[in-house]
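Q: Have a look at this one before I ask anything.
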Amino acid sequence: MGWAIAIHGGAGDIPLSLPPEKRLPREAGLRRCLEVGIAALKARNHPLDVVELVVRELENHPNFNAGKGSVLTTSGTVEMEASIMDGKTMKCGAVSGVSTVVNAISLARLVMEKTPHIYLAFDGAEAFAREQGLETVEMSHFITPENIERLKQAQEADRVQIDYTQPIQKETPKDAAVADGDSQIGTVGCVAVDNEGNLATATSTGGLVNKMVGRIGDTPVIGAGTYANHLCAVSATGRGEAIIRGTVARDVAAVMEFKGISLKEAAAYVIDRVPPGTAGLITVSSTGEITMPFNTTGMFRACATEDGYSEIAIWDSPSK
Amino acid sequence: MGGWAIAVHGGAGVDPNLPKERQEEAKRLLTRCLDIGISALRSNLPAIDVVELVVRELETDPLFNSGRGSALTEKGTVEMEASIMDGPKRRCGAVSGLTTVKNPVSLARLVMDKTPHSYLAFAGAEEFARKQGVELVDNQYFITEDNVGMLKLAKEANSILFDYRIPTLSTCGGGAALESPIQMNGLPISVYAPETVGCVVVDKEGRCAAATSTGGLMNKMTGRIGDSPLIGSGTYACELVGVSCTGEGEAIIRSTLAREVAAVMEYKGLNLHEAVDYVIKYRLDEGKAGLIAVSKNGEVACGFNTTGMFRGCATEDGFMEVGVW
């Protein structure tokens, strides 16, 4: 059996023509974060500590949509969200509307461990972060030029789209806006299992480009973007609204359990049932299996198992 | 088989010492809400409209813990949340951290119908409400004397109780004012006020819908979000079923309770009653909660592992029942 770990840096419309200057830093980031996770597992850290550690690294990396490098709201601000879950105890923690906390995933962990609640948001979450002495900074710390540009392009595209006061389709038109074709959907996540079958998952994001202020996506919603139990740990990424409706993370475990199928089959089944181009996920089972399916053009991902296998990928076969 | 069905709830977890008049008051309110829903169903309103209508009524009445009459945060303010889901395409809307919106469930509906998103919260949600021109009131409007008193008791209880770990049935420490030994979410049942409200409906066309609304946990930290606005936890509806849950929010989230009912029907082939029983019996660990559900076949069911749940249900063939225990 042995340990296993998978990480992602977001699923989306990642063009095959992604230029090296955009591709290489992300691949390097995935590689480094994977190594951090592997080292932690080798040192016998609990998967809950491992996933938090890895997601902190991904949050700190400016090229992924979490922590530094988070996409911007329609007001040009940053509102981050994250969640974490322990498969054995089913304890979980989540935060939303975080704008000054350097590592939202650590705040989510503190909600889980230091409060009687599961989920804190906005002012209440920020106040709690300060009480707990977490590192906080000016919001400008998280904002990158790339994201200012993304927002500008999204807003230019919006002038052509139907405005918010009329009923619109749930599936908003593909954002043709971004000239460099870079992924607009993103999130980071990590799932891990140790050689005793303890599972954990963590997910973190800045959300959707040009989102309405106050918009919450799937990432902090337990059962949607994040879920873990005794069978598997799941972290999803993509179009939040589709992942929420599809209760994606929960369904992988439910389908495994109730239909008695394998992790790989369950994950593929669930991804098949969300609209094309909207989601991807990473998951590990209690027996150390890994699968990382997606129905988008690509998903930044990496994984490794104790027997020495490792992989870093962006496109290629959708059911791995 | 078939025909419409409706169920409403006003919270799972009732103080066994609740005065008779309060029980009667609750039953009258539940009956009134059922009647409103039944009337709407007879006029062929779709399920999604009926659940919103009924939950609005429950929010407006100060009796239960939603809208006016909401439980108070540790600061003595009100922060409300709600969610609504339409079975046929699983469209959904949710809101949290509302402080001036008179009917949270209607704002959740607007999030579903008028934005590209599913969930808006706090300042952003309030801003959206303003832009949509929904009825806004001062936060004071939602605060009742009853709840101000409850908050005080909750704070006193918390100074005796050490942590909020999932409660076992044990007597709580010294508090002379607190008679009942039952606890939920670390609070004695007499102050817990779990009375989240909800409604599930299946209309004549077999369309299911669900909606849930609440002020949340008495003495909660500001910014705390519970299960009610979380799709899959407090609320869920799909082609097969509509579910609304109430009780210990954290337990409902961990067990993704509402989705669980639908999942066992979908993946294990259980019928509605079997699914509800199974989920309550086996999926709640030590948590205390209850739920109401309707199926596309016109069945209605409720289940709870708490002492009582304020509930009412009715079906097109004339069945109607309102209960507390």
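Q: Being away from chain B (no Cβ under 12 Å) and within 30 Å of residue B:158 (Cβ to Cβ) is the requirement here; does residue A:144 meet it?
A: Numbers: away from chain B (no Cβ under 12 Å): yes; within 30 Å of residue B:158 (Cβ to Cβ): no.
No: the conditions fail for residue A:144.
Q: Please name all residue pairs, on different chains or six or more residues apart, with Cβ atoms under 8 Å, provided the first residue is in segment A:10-32 and is touching a residue at least 12 places away in the same chain (Cβ under 8 Å) and the second residue is open to solvent by less than 30 Å² (accessible area, probe 1.4 Å) and in a helix (DSSP H, G or I).
A: Matching pairs, first to second residue: A:29/A:58.
Q: Which one is farthest from residue B:262 (Cα to Cα) among residues in segment B:306-316 that are modelled with pLDDT under 95 and open to solvent by 10 Å² or more (accessible area, probe 1.4 Å)?
A: Within segment B:306-316, the match that is farthest from residue B:262 (Cα to Cα) is B:307.
Q: Pick from segment B:73-115 the residues that are among the polar types (S, T, N, Q) and in contact (Cβ under 8 Å) with a residue 40 or more places away in the chain: which of them is nearest to the other protein chains (Cβ to nearest Cβ)?
A: Once the filter is applied, the top-ranked residue is B:96.
Q: Given the options B:90, B:68, name the one that is open to solvent by 30 Å² or more (accessible area, probe 1.4 Å) and touching a Cys at 6+ places or on another chain (Cβ under 8 Å).
A: B:90
Q: Is there a residue in segment B:114-122 that is closer than 22 Å to residue B:243 by Cα, within 14 Å of the chain's Cα centre (by Cα) and open to solvent by less than 10 Å² (accessible area, probe 1.4 Å)?
A: No, the conditions are met nowhere in segment B:114-122.
Q: Quick one: how many residues across segment B:140-159 are assigned to a helix (DSSP H, G or I) and modelled with pLDDT of 95 or more?
A: So the count comes out to 3.
Q: Which residue pairs have Cβ atoms under 6 Å apart, sit 6 or more places apart or on different chains, and have a first residue in segment A:212-240 that is more than 9 Å from chain B (Cβ to nearest Cβ) and a second that is buried (at least 24 other Cβ atoms within 10 Å of the Cβ) and of a type in the set (D, E, K, R)?
A: Listed by first residue and then by second, the contacts come to A:219/A:81; A:225/A:218.
Q: For segment A:29-47, name all the residues that are under 18 Å from the mean Cα position of the chain (by Cα) and open to solvent by less than 60 Å² (accessible area, probe 1.4 Å).
A: A:29, A:30, A:33, A:34, A:36, A:37, A:47
Q: Do any residues in segment B:220-234 that are in a strand (DSSP E or B) have Cβ atoms under 7 Å from those of residues that are open to solvent by less than 10 Å² (accessible area, probe 1.4 Å) and among the acidic types (Asp, Glu), where the two are at least six apart or on different chains, and which pairs are they?
A: Here the result reads B:225/B:81, each pair linking segment B:220-234 to a residue that is open to solvent by less than 10 Å² (accessible area, probe 1.4 Å) and among the acidic types (Asp, Glu).
Q: Moving on to the next point. What do you reckon, is residue A:52 touching a Lys or Arg at 6+ places or on another chain (Cβ under 8 Å) and under 22 Å from residue A:233 (Cα atoms)? Break it down into steps so the answer makes sense when it comes.
A: Details: touching a Lys or Arg at 6+ places or on another chain (Cβ under 8 Å): yes; under 22 Å from residue A:233 (Cα atoms): yes.
Yes: the conditions hold for residue A:52.
Q: Determine whether residue A:202 is out of contact with any helix residue (DSSP H, G or I) (no Cβ under 7 Å at 6 or more places or on another chain), open to solvent by less than 10 Å² (accessible area, probe 1.4 Å) and more than 10 Å from every other protein chain (Cβ to nearest Cβ).
A: no
Q: Report the residue count in segment B:211-240 for those that are within 13 Å of chain A (Cβ to nearest Cβ), among the aliphatic types (A, V, I, L, M) and under 17 Å from the mean Cα position of the chain (by Cα).
A: Total satisfying the criteria: 6.
Okay, residues lined up against (1) out of contact with any strand residue (DSSP E or B) (no Cβ under 8 Å at 6 or more places or on another chain); (2) closer than 21 Å to residue B:295 by Cα:
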residue	(1), (2)
B:3	no, yes
B:9	no, yes
B:23	yes, no
B:37	no, yes
B:44	yes, yes
B:53	yes, yes
B:67	no, no
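Q: Separate question: From the list B:266, B:239, which residue is more than 26 Å from residue B:71 (Cα to Cα), open to solvent by 10 Å² or more (accessible area, probe 1.4 Å) and not in a helix (DSSP H, G or I)?
A: Testing whether each residue is more than 26 Å from residue B:71 (Cα to Cα), open to solvent by 10 Å² or more (accessible area, probe 1.4 Å) and not in a helix (DSSP H, G or I) leaves just B:239.
Q: Restricting to segment A:104-116, and then to whatever is open to solvent by less than 10 Å² (accessible area, probe 1.4 Å) and in contact with a helix residue (DSSP H, G or I) (Cβ under 6 Å, 6 or more places away or on another chain), can you tell me which residue is farthest from residue A:225 (Cα to Cα)?
A: Among those that are open to solvent by less than 10 Å² (accessible area, probe 1.4 Å) and in contact with a helix residue (DSSP H, G or I) (Cβ under 6 Å, 6 or more places away or on another chain), it is A:107.
Q: Could you tell me whether any residue of segment B:116-139 is within 14 Å of chain A (Cβ to nearest Cβ), under 20 Å from residue B:81 (Cβ atoms) and at pLDDT below 90?
A: Going residue by residue through segment B:116-139, those that are within 14 Å of chain A (Cβ to nearest Cβ) are B:116-134.
Next cut, under 20 Å from residue B:81 (Cβ atoms) only: B:117-132, B:134.
So of that shortlist, the ones also at pLDDT below 90 come out as none.
Taking every residue of segment B:116-139 in turn, none turns out to be within 14 Å of chain A (Cβ to nearest Cβ), under 20 Å from residue B:81 (Cβ atoms) and at pLDDT below 90.
Q: On to the next question. Look through segment B:50-65, keep the residues that are surrounded by 24 or more Cβ atoms within 10 Å (Cβ to Cβ) and assigned to a loop (DSSP other than H, G, I, E, B), and return whichever of them is nearest to the other protein chains (Cβ to nearest Cβ).
A: B:65
Q: Here is a follow-up. Give, as residue ranges, the strands (runs of 3 or more DSSP E) completely inside segment A:11-121 that count at least 3 residues that are within 23 Å of residue A:284 (Cβ to Cβ).
A: Correct list: A:80-86, A:92-98.
The values are calculated or read from the model by the stated rules, or taken from the named source; none is laboratory data. Fair warning: this is a prediction, and the values are worked out from it, not measured in the lab. Glycine also receives a Cβ, built like all others from the backbone with ideal geometry; neighbour counts cover every protein chain displayed. The accessibility values were calculated without ligands, DNA or RNA, using every heavy atom of the protein model including side chains. Shrake-Rupley method; radii C 1.70, N 1.55, O 1.52, S 1.80 Å.
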